[in-house]
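Read-outs throughout are calculated quantities, based only on the coordinates presented, and are distinct from any laboratory measurement. These numbers were taken from a predicted model, which means no experiment stands behind them. Cβ sites come from the backbone with ideal geometry, for glycine too, and all protein chains shown count toward neighbours.
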Protein chains: 2
Amino acid sequence: MNTVQFTAGTTSDGMLERDFTVAGIPGVLWSPASGPERAPLVLMGHGGGTHKKWPGMVGRARRLVADGGFHVAAVDAPGHGGRPRTPYDEQEIAALYRAREAGEPEGPIVVRYNARLAERAVPEWRATLDALQRLPEIGAEGPVGYFGLNMGTAIGVPFVATEPRITAAVLGVHWPDALAEAARRITVPVEFLIQWDDEHIPRSSGLALFDAFASTEKTLHANAGRHKELPRFEADSAVRFFTRHLHPSRTAAVPTA
Amino acid sequence: MNTVQFTAGTTSDGMLERDFTVAGIPGVLWSPASGPERAPLVLMGHGGGTHKKWPGMVGRARRLVADGGFHVAAVDAPGHGGRPRTPYDEQEIAALYRAREAGEPEGPIVVRYNARLAERAVPEWRATLDALQRLPEIGAEGPVGYFGLNMGTAIGVPFVATEPRITAAVLGVHWPDALAEAARRITVPVEFLIQWDDEHIPRSSGLALFDAFASTEKTLHANAGRHKELPRFEADSAVRFFTRHLHPSRTAAVPTA
């Protein structure tokens, strides 16, 4: 039985940050430094080429903890952060850089590489969630959210589609090619983000992936701007989305109209 | 010179509601019952067949006042609420009901009727804004927002396109046919709403109107659901949008990431 092994911990600005491993996978758990005994959990998947403590990840975690009172967990995806790359990882990363330098489309490489990574990452997320739910401050009964963009969506869509413990998800900024079929099996509330002027993902592809979700409650947020120009206020919107769906007792504290 | 003539006033739950007329046009001004001397103003346009105090209007006003600290003003559009209908109004409304009963598309009638209403309503909004800005609690220097969906967008797009005092707008749920040209002259931040399963407005039409805005900062919110199923949390999102753009000193009080 995998358990959470805490390896280090610090507290700043009311947020406790604890590094951990589960079955050798390095992760981090952010929590309110004080508060009720239990709180809902949000799992966060990072983007391609980054890692669990990328500044954008820490910023989102800080919002979720401070404004939503959540526990937030992230792990390094296979081949990312503190984890070794396989020869296949190296080969695909080299192909991606070659395409980028040649000005060729990145999409076909990202789509196929991320689909392979998802095959490795989904069981890891499941094992991590099993272990996290054994912590007394999280527990096995509470609702769980998933928040992941870019590669975090390539892994998140097949994960959410097959993991009934996830009851709300913020996803986006990826192609539908390898994901639309799994998206059609997702019925939980989804907030989905695209960039209206994305230079990598055709607008119609982003819209097609949003359209694929079977969820009766789903919202598309499309912002003017290029692939990497997602506005920071979307992190705030995600906090309110998870608060509405995972933490309704706190909704009174956050305006929801 | 048109001035605001207050005709009645009540206060409930911390919100002051004052009926007024400007040049004979009936309006309502909602304000915080207490607070700083001045606050930014949001103008709200109502939908077709409704009026300035439709429940949805009052609900949005209450959010904007309570959570944003705004003044909020609405007026009855021509032929709506307490205002007489012209023979042309009667003719178009009859045509709309005939189409509805026959199961024929409402779009062509709504588009042409609302475009004609906008020709009357835009100068009225301008005169109302002139008069409101002479009130000491509003003033002529502060930023002004516009929030109107459906017919409120048919009137709002030409209004915002030609009124430099409007510096941020929430619009949506209308066809691009008569509006795209004016939308291309709008450069202020826009939050634009569509319904993903709108039975009246084709999805591609909603997307085309969003695409037309020249604003570098624009966000599309597309929600699953039919024409009249706009989720109530979008009113909350509008409060935060206006707070970011019109009331940045309050932004610290509202999570924004």
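Which distances in nm, rounded to one decimal and ordered from shortest, link the label point of A:R184 to the equivalent label points in the other identical copies, with labels set 7 Å from Cα toward Cβ?
3.8
Measure of size requested: the Rg and Dmax of the range B:5-251, with Cα atoms as the atom set and Å as the unit; please supply both.
17.1, 54
Going from the alpha-carbon gyration tensor of the protein assembly as shown, what semi-axes, largest first and in whole Å, does one get by taking the root of 5 times each eigenvalue? The partial results should precede the final answer.
Numbers: eigenvalues 408, 138, 73 Å².
Each semi-axis is the square root of five times an eigenvalue, giving 45, 26, 19 Å.
So what is the relative contact order for the range B:1-160, in percent, with contacts set as C-alpha pairs under 8 Å and at least six apart?
Values: 266 pairs, mean separation 45.1, N = 160.
Over the range B:1-160, the number comes to 28 percent.
Dipole size in debye (nearest 20) for the range B:5-251 around its Cα centre, Lys and Arg Cβ +1, Asp and Glu Cβ -1?
Details: 27 positive and 29 negative charges, 65 e Å.
I would put it at about 320 debye.
Report the Cα centroid-to-centroid distance between the range A:183-218 and the range A:17-77 in angstrom, as an integer.
That distance is 24 Å.
P(r) for the range B:1-62, please, calculated from all Cα pair distances in 5 Å bins and given in %.
4, 15, 25, 29, 18, 8, 1, 0
Would you count, across the protein assembly as shown, every pair of lysines whose alpha carbons are under 22 angstrom apart, provided the pair is eight or more residues apart or spans two chains? Don't jump to the answer; show the numbers that get you there.
Numbers: A:K52/A:K228; A:K53/A:K228; A:K218/B:K218; A:K218/B:K228; A:K228/B:K218; B:K52/B:K228; B:K53/B:K228.
Close lysine pairs found across the protein assembly as shown: 7.
How far apart, in nanometres, would the label points at B:D13 and A:S34 be if each is projected 7 angstrom from Cα along the Cα-to-Cβ direction?
The modelled label-to-label distance comes out at 3.3 nm.
Which of the listed residues, B:L43, A:T162, B:W196, is farthest toward the dipole's positive end in the protein assembly as shown, when Lys, Arg count +1 and Asp, Glu count -1 at the beta-carbon?
Value computed over the given set: B:L43.
Once the label point is placed 7 Å from Cα along Cβ, list for B:E229 the distances to the corresponding points in the other copies, in nm, shortest first.
Copy-to-copy label distances at B:E229, shortest first: 3.3 nm.
What are the distances, in nm and sorted shortest first, from the label point of B:F6 to the label points of the same position in each other copy, with each label point placed 7 Å from Cα along the Cα-to-Cβ direction?
Going from nearest to farthest copy, the values are 5.8 nm.
What's the longest bit of chain A with no exposed trypsin sites (Lys or Arg not before Pro), using DSSP loop states and at most 14 other Cβ atoms within 10 Å as the test? Walk me through the numbers before you get to the answer.
Details: sites that count: A:R38, A:R85, A:R134, A:R184, A:R185, A:R226, A:K228, A:R232.
Between the exposed loop sites, the longest stretch runs A:135-183.
Given labels modelled 7 Å from the Cα in the Cβ direction, how far is it in nm from B:R203 to A:R165?
The two pseudo-label positions are separated by 3.3 nm.
How big is the C-alpha Rg of the range B:73-116 next to the rule-of-thumb value 2.2 N^0.38 Å, as a ratio? Provide the component values of the computation, followed by the final result.
Values: Rg = 11.5 Å, N = 44, 2.2 N^0.38 = 9.3 Å.
Taking N as the residue count of the range B:73-116, the ratio is 1.24.
On C-alpha positions alone, give me the angle between the axis of helix A:151-162 and the longest principal axis of chain A, in degrees, nearest 10.
70 degrees
Taking every eigenvalue of the Cα gyration tensor of the range B:51-105, multiplying by 5 and rooting it, what semi-axes result, largest first, whole Å? Provide the component values of the computation, followed by the final result.
Details: eigenvalues 198, 45, 9 Å².
One finds semi-axes of 31, 15, 7 Å for the range B:51-105.
For the Cα atoms of chain A, what angle does the longest principal axis make with the long axis of helix A:87-102, in degrees from 0 to 90, nearest 10?
For helix A:87-102, the angle is close to 60 degrees.
Summarise the partner chain shielding of B:238-249 as one whole number: the mean count of Cβ atoms from other chains within 10 Å of each residue's Cβ. Display every interim value, and only then the final one.
Details: counts 1, 3, 5, 1, 0, 1, 3, 0, 0, 0, 0, 0.
For this peptide, the per-residue mean of nearby foreign Cβ atoms is 1.
Taking amide H atoms as placed 1.01 Å from N in the peptide plane, list the residues 5 or more away in sequence, or in a different chain, whose amide H sits under 5 Å from that of A:G172.
Excluding prolines and chain starts, which carry no amide H, the hits are A:N150, A:T153, A:L193.
Angle check, please: helix B:233-246 long axis (alpha carbons) against the longest principal axis of chain B (alpha carbons), in degrees 0 to 90, nearest 10.
50 degrees
Mind computing the radius of gyration and Dmax over the alpha-carbon atoms of the range A:168-257? Å is fine for both.
Just the Cα atoms of the range A:168-257 yield Rg and Dmax of 13.7, 41 Å.
Just the number, please: percent antiparallel of the DSSP beta bridges in the protein assembly as shown, rounded to the nearest 5.
Values: 43 of 93 bridges.
Once the DSSP bridges in the protein assembly as shown are tallied, antiparallel ones form about 45 percent.
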